[in-house]
Amino acid sequence: MTSHANAHIGGKAARARAARNGIDVVTDLTKHRPSGGAPIASDLDLQDQYHSIVLFLEELEKKARIKFRPHLIVRREVPMDNHGSMIVPATASTTCSSDEEMKLNDEQQRQQHDDNTLIEEECCNCNLSEQNLREFTIQLIPLSINNGVDLLSLTKLDLSRNELWKLPSLESIPNIQHLNLSRNWFAELPESIADLTKLQSLNVSHNMLRSSQAALLMDRKLKLKLPDNSNDPSSYTTGMISILQSLQHLQELDLTFNQKCGHQKLFNKIQNEISSVRTIKMTINFPRPEGAFVGASAAERDPSLLRSQLEPWSTTCLRRRLVSDFGQEASSPEHSTRGDVMDQLLQLYAEELEEDDHDDHDHGGDVHASRTVIRASGILVEESLRKRMLLVLKSWKNKWTNKNLERASIKAENYMILTSPASWEPLGRKKRQKAEAKLNAHLDIWDLAVAVMASVDEEFSKKFTALAVTHNFQGSPHIDRQNIGPFWGLSLGDFEDGTGGIMVECSARVVAHVDTKNRLSEVDGRFPHWVAPYDEKKDRFSLIFYQTMGDYQKIGPAIFDPCAS
């Protein structure tokens with residue numbers, strides 16, 4: 001990939017991938033949604049062409065919010081770190097029994113003692129946390145502590161809350177006992193930790209570790225050196241031991257909150273192979289903990305239920321919403337699960353629904369009625385283009401029925417994704433050839449789709465990098481996490497007018513129903529969205545034009561129709 005100066009790319013994972021590929025990525029927290037909802041006052045850009053829509057949606061949310069929570073005229077501020085993650089105060093904890101409180105107090109006292117000890121022994125501690133580092137060198141250590149420090153005296157190194165994804169040789173600091181790499185960009189453990197033979201605790205929480213033995217250095221063998229014959233070359237042996245196993249003094253390994261590194265089988269393997277480690281921490285997300293999610297995927301979730309509509313949000317976003325939109329105190333991720341957070345949030349929504357005098361109505365468990373639903377519509381596409389497009393799509397459906405469901409997590413009879421040549425650049429040869437062959441096989445759809453898009457927005461018709469072609473897409477609340485900006489959507493078919501539009505969450509208490517029938521409508525798919533109900537016996541085709549490459553666009557309003565009302 002080519003290098004782009006000061007590229008704005010959204011999302012921790014996307015920025016990390018770009019940085020590894022040599023792109024100079026800018027970390028700009030103003031590009032990220034701090035509350036998992038509509039923009040807050042500090043996000044408003046008076047020069048933005050959609051400023052009036054932002055204000056309109058914000059006023060609707062504010063009106064609904066202060067009806068139940070008058071003290072939240074302005075949302076509560078949500079503290080964030082350099083990754084756009086919520087910072088939970090150290091005092092935050094869930095409700096616990098007296099015995100648990102005593103244990104917690106004891107633990108806090110022990111922690112305080114440990115902290116005091118570290119303060120007394122500053123010469124043994126190097127703190128490089130929150131320095132916006134993308135590259136760590138041993139030369140940085142003397143700059144962070146007393147000049148002339150003996151590197152051999154260091155026992156603790158804190159590199160947390162940076163943007164690191166690799167480490168250099170650590171041979172010059174072999175006496176490190178505690179290494180903190182939490183909240184960085186590591187996809188695998190750095191091999192250089194093999195230099196830290198006295199390591200007792202390793203914290204790699206809140207990274208992007210892959211769920212594999214290779215990523216955890218469990219399949220890379222070392223030559224062992226017997227301790228009594230340090231100068232004898234014959235003391236080296238090729239024992240069957242991995243880098244992780246070689247850390248014979250390791251007592252605590254923290255792998256929590258690595259989304260891809262949470263398989264129970266992997267945890268069991270670590271326990272079996274590294275029995276010397278007293279404490280291994282891992283956030284198990286597969287098999288999914290009971291109560292964490294409803295349905296295995298968006299395709300299996302009832303879109304009429306509020307929980308299904310909230311499910312696409314990450315647990316962090318749900319926590320932010322509790323604080324920002326409902327005024328609750330932040331809870332520590334270590335003490336409350338996703339299921340706990342979701343239950344608390346649904347209870348708060350239910351209380352507002354009950355207070356709104358809807359408690360006498362039977363919603364079948366759905367509290368969707370507590371959210372304001374507004375209508376919006378896009379731009380009518382020229383009739384001749386619509387007719388030609390519909391004929392091409394019907395031919396595609398008849399030829400490919402039940403053979404091209406490429407996105408199993410979405411409920412649809414047919415689902416196909418075509419990509420532009422511009423998006424093939426980072427692909428390997430085989431993947432590129434496959435994408436090219438697929439586009440050539442459906443060039444009639446692509447070329448006509450470009451013409452349709454150009455009739456409404458010529459600039460975007462040249463920029464979009466992917467086209468999702470669907471037949472009878474239903475429900476499926478989801479977020480398009482790969483998108484770098486809003487998408488345009490068009491639906492065609494004989495389904496009834498006013499149905500089958502795109503439902504999109506605009507904020508905690510406001511949802512929009514965007515009419516896409518025969519219309520191209522702009523929607524930000526980085527908010528939860530789903531297809532509104534329609535007669536399933538009818539045909540509904542859709543085209544979704546979106547970008548996965550280019551400059552990341554700041555998330556603003558979920559809809560862009562100035563006539564929204």
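The values are calculated or read from the model by the stated rules, or taken from the named source; none is laboratory data. This structure is a prediction, so every number in the text was calculated from the model and none was measured. Reconstructed Cβ throughout: ideal geometry from the backbone, glycine too, with neighbour counts over all protein chains shown.
Values as computed for the structure displayed
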{"read-out": "Check on Asp340, more than 24 Å from the chain's Cα centre (by Cα), of a type in the set (D, E, K, R) and at pLDDT below 95", "value": "no"}
{"read-out": "Selected residue (criterion: nearest to the chain's Cα centre (by Cα)) from residues of region 426-471 that are among the polar types (S, T, N, Q) and over 30 Å from Asp561 (Cβ atoms)", "value": "Gln433"}
{"read-out": "Filter pass, Ala449 being in contact with a strand residue (DSSP E or B) (Cβ under 9 Å, 6 or more places away or on another chain), hydrophobic (A, V, I, L, M, F, W, C), modelled with pLDDT of 95 or more and farther than 30 Å from Asp494 by Cβ", "value": "no"}
{"read-out": "Filter result (among the hydroxyl-bearing types (Ser, Thr, Tyr) and at pLDDT 90 or above) within region 378-408", "value": "Ser384, Ser395"}
{"read-out": "Residue count, region 425-445 (criterion: over 25 Å from Lys394 (Cα atoms) and either touching a residue at least 24 places away in the same chain (Cβ under 8 Å) or surrounded by 18 or more Cβ atoms within 10 Å (Cβ to Cβ) (or both))", "value": "2"}
{"read-out": "Filtered residues of region 58-75 (kept if over 16 Å from Ser370 (Cα atoms), touching a residue at least 24 places away in the same chain (Cβ under 8 Å) and out of contact with any Asp or Glu (no Cβ under 8 Å at 6 or more places or on another chain))", "value": "Glu58, His71, Val74"}
{"read-out": "Whichever residue in region 500-558 is among the aromatic types (Phe, Trp, Tyr) and in a loop (DSSP other than H, G, I, E, B) and, among such residues, is surrounded by the most Cβ atoms within 10 Å (Cβ to Cβ)", "value": "Phe527"}
{"read-out": "Test: residue in region 476-489 that is of a type in the set (S, T, N, Q), in a loop (DSSP other than H, G, I, E, B), surrounded by fewer than 22 Cβ atoms within 10 Å (Cβ to Cβ) and more than 19 Å from the chain's Cα centre (by Cα)", "value": "no"}
{"read-out": "Answer residue from region 379-418, given it is out of contact with any Leu (no Cβ under 9 Å at 6 or more places or on another chain) and of a type in the set (Ser, Thr, Tyr) and is surrounded by the fewest Cβ atoms within 10 Å (Cβ to Cβ) among those", "value": "Ser384"}
{"read-out": "Sole exception among (1) at pLDDT 90 or above; (2) buried (at least 18 other Cβ atoms within 10 Å of the Cβ); (3) not β-branched (Val, Ile, Thr) for Pro421, by number", "value": "(2)"}
{"read-out": "Number of the condition not met by Phe495 [criteria: (1) within 30 Å of Asp325 (Cα to Cα); (2) assigned to a loop (DSSP other than H, G, I, E, B)]", "value": "(1)"}
{"read-out": "Cross-chain or 6+ apart pairs with Cβ under 6 Å, region 485-509 first and closer than 19 Å to Ile53 by Cα, then hydrophobic (A, V, I, L, M, F, W, C) and in a loop (DSSP other than H, G, I, E, B)", "value": "Met503/Ala532; Val504/Phe527; Val504/Ala558; Glu505/Phe527; Cys506/Ala38; Cys506/Ala558; Ser507/Ala38"}
{"read-out": "Residues satisfying the stated conditions in region 243-264, i.e. in contact (Cβ under 8 Å) with a residue 40 or more places away in the chain, closer than 23 Å to Lys198 by Cβ and either surrounded by 19 or more Cβ atoms within 10 Å (Cβ to Cβ) or aromatic (Phe, Trp, Tyr) (or both)", "value": "Ile243, Leu244, Ser246, Leu247, Leu250, Leu253, Asp254, Leu255"}
{"read-out": "Met218 vs. criteria within 29 Å of Ala19 (Cβ to Cβ), in contact with a Phe, Trp or Tyr (Cβ under 8 Å, 6 or more places away or on another chain) and at pLDDT below 95", "value": "no"}
